[in-house]
Amino acid sequence: MSNIHPFPVWQRVGQVGFDRPELTRILDLYGRMVAAGMWRDYAIDLGRDAAIFSAFRRTAERPEFRIEKRPALRGRQGQWALIGESGAVLKRGHELGPVLAPVERRLLKLVEE
């Protein structure tokens, strides 16, 4: 009756994820693109090598943009990458802000029209 058993902790060892400020920045951009009518859905994939945020124009299509965080590339090209629909790397860097700049510029063009 008085035996206390600890609750098992299930953690995925070595899983890459987004920090709160990173995810806030990404979801803020996503919300503005939804308000502009460009994006309608998103997906988040958290794996051992990378954390990927994919933004879709429509649910059944390929993602229009993927924002990838790969900590293994932190010392080389930068851990952040913006990948287009065709799979080409559009921007790579060490910080999230400059990597998101091409999408934010596109949003500014949509608002001006």
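The values are calculated or read from the model by the stated rules, or taken from the named source; none is laboratory data. Please read all numbers here as calculations on a predicted model, not as lab measurements. Cβ placement follows ideal geometry from the backbone for every residue including glycine, while neighbour counts extend to all protein chains displayed.
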>> Just to be sure I understand, how many residues within segment 50-104 are in contact with a helix residue (DSSP H, G or I) (Cβ under 8 Å, 6 or more places away or on another chain), of a type in the set (D, E, K, R) and modelled with pLDDT of 90 or more?
In response: 3
> Going through segment 16-48 one residue at a time, which ones are β-branched (Val, Ile, Thr), outside any helix (DSSP H, G or I) and at pLDDT 90 or above?
Replying inline: Ile44
> Any idea which of (1) surrounded by fewer than 14 Cβ atoms within 10 Å (Cβ to Cβ); (2) under 12 Å from the mean Cα position of the chain (by Cα); (3) not hydrophobic (A, V, I, L, M, F, W, C) is the one Lys69 doesn't satisfy?
Replying inline: (1)
> Which of (1) of a type in the set (Phe, Trp, Tyr); (2) out of contact with any Lys or Arg (no Cβ under 8 Å at 6 or more places or on another chain); (3) under 15 Å from Gly17 (Cβ atoms) does Tyr42 not meet, given it meets every other one?
Replying inline: (3)
> Arg62: more than 13 Å from the chain's Cα centre (by Cα), surrounded by 12 or more Cβ atoms within 10 Å (Cβ to Cβ) and within 18 Å of Arg105 (Cα to Cα), yes or no?
Replying inline: no
> Just checking, how many residues over segment 84-111 are surrounded by 14 or more Cβ atoms within 10 Å (Cβ to Cβ), of a type in the set (A, V, I, L, M, F, W, C) and under 20 Å from Asp19 (Cβ atoms)?
Replying inline: 4
>> Return the residues of segment 50-64 that are small (Gly, Ala, Ser) and in contact with a Phe, Trp or Tyr (Cβ under 8 Å, 6 or more places away or on another chain); say none if nothing qualifies.
In response: Ala51, Ser54, Ala55
